[in-house]
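Below: one structure, written as structure tokens.
The values are calculated or read from the model by the stated rules, or taken from the named source; none is laboratory data. Everything numeric in this text was worked out from a predicted model, so none of it was measured. A quick note on method: Cβ atoms are made from the backbone with ideal geometry, for glycine too, and the neighbour counts reach across all protein chains shown.
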Amino acid sequence: MSIDTRFTPAIRNALLEKMQDLSGRYAADGGNQIDDKQASGSQAGTDSVSLSADALRVHAAVSMTAGQDVFDIERVSEIRQALATGTYRIDPERLAEKFQRFNTNL
């Protein structure tokens, strides 16, 4: 059994929006803030920002999942139909194996 660690579309979009906002306001050369004075050539203060390793990992994860479905909509439809008709069956041995594998990976 694997755990789906991909982001929901709403979370992914919010993270992308935030990262785009940050990338528009901060330079890629270590995070120095770019303002209108700096863009025109005059030097402003020495404020700087750098993204943590966690923030960079979040950005990478968001980029990797962009455009991907978070779940298999066809499979969800099949399960819903089986539940509605009473034909959904659970294999207790398979379920026990997946529980055991999950607990081993904790």
Restricting region 59-70 to residues that are in a helix (DSSP H, G or I) and touching a Lys or Arg at 6+ places or on another chain (Cβ under 9 Å), the residue that is modelled with the lowest pLDDT
Thr65
Just wondering, is there one or more residues in region 89-98 that are exposed (fewer than 12 other Cβ atoms within 10 Å of the Cβ) and β-branched (Val, Ile, Thr)?
yes
Counted residues, region 71-100 - those being outside any helix (DSSP H, G or I), within 29 Å of Arg12 (Cβ to Cβ) and among the charged types (D, E, K, R)
1
For Arg6, state whether it is surrounded by fewer than 12 Cβ atoms within 10 Å (Cβ to Cβ), within 14 Å of the chain's Cα centre (by Cα), modelled with pLDDT of 60 or more and not assigned by TED's automatic domain parsing to the domain that holds Glu97.
no
